[in-house]
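Heads up, the thing below is written out as structure tokens.
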């Protein structure tokens, strides 16, 4: 049985891990900073782009949807493995990162909601 979307998931995961490592080094932390989250965002972006431009076949898109649904529990499981006590003893960087993450997520949700409203308002009415 072919595993549709697996190569796309693997590519996004490897790219996310690489970017997370580079971000960790740039911040002076010897750890992967958000690599799995970056990979998840890449998977969503590639899936949206492939659907929009029609280069993602129906079976491949269903496979990517399947892997995307499984990816959230994987992210949660990986986050649970991290040493939270050690992270909190790292200083104010943890608090700053948490505030920046919540702010960025709120901004993205707001942007997506506004984009949906504008798109629905601009639709031709029959």
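The values are calculated or read from the model by the stated rules, or taken from the named source; none is laboratory data. These numbers come from a predicted model, not from an experiment. No Cβ is skipped: glycine too gets one built from the backbone with ideal geometry, and neighbour counts run over all protein chains shown.
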Complete set of residues in the range 31-46 that are farther than 21 Å from residue 97 by Cβ and in contact (Cβ under 8 Å) with a residue 24 or more places away in the chain: 43, 44, 46
Residue 106 within 27 Å of residue 9 (Cα to Cα), modelled with pLDDT of 75 or more, out of contact with any helix residue (DSSP H, G or I) (no Cβ under 7 Å at 6 or more places or on another chain) and not assigned by TED's automatic domain parsing to the domain that holds residue 44: yes
Yes/no for residue 24 being assigned by TED's automatic domain parsing to the domain that holds residue 13, over 11 Å from the mean Cα position of the chain (by Cα), closer than 22 Å to residue 97 by Cβ and part of a helix (DSSP H, G or I): yes
Residue in the range 39-52 that is within 28 Å of residue 5 (Cα to Cα), at pLDDT below 75 and in the same structural domain as residue 5 (by TED's automatic domain parsing) present: no
Flag for residue 30 being surrounded by fewer than 10 Cβ atoms within 10 Å (Cβ to Cβ), over 13 Å from residue 9 (Cβ atoms) and at pLDDT 80 or above: yes
Residue count for the range 4-27, restricted to those that are surrounded by 16 or more Cβ atoms within 10 Å (Cβ to Cβ) and closer than 18 Å to residue 63 by Cα: 6
Residue 36 being surrounded by 12 or more Cβ atoms within 10 Å (Cβ to Cβ) and not in a helix (DSSP H, G or I): no
Tabulated pairs, the range 56-75, first in the same structural domain as residue 9 (by TED's automatic domain parsing), second exposed (fewer than 13 other Cβ atoms within 10 Å of the Cβ) and outside any helix (DSSP H, G or I), C-beta under 9 angstrom, 6+ apart or interchain: 59/2; 63/2; 63/3; 67/3
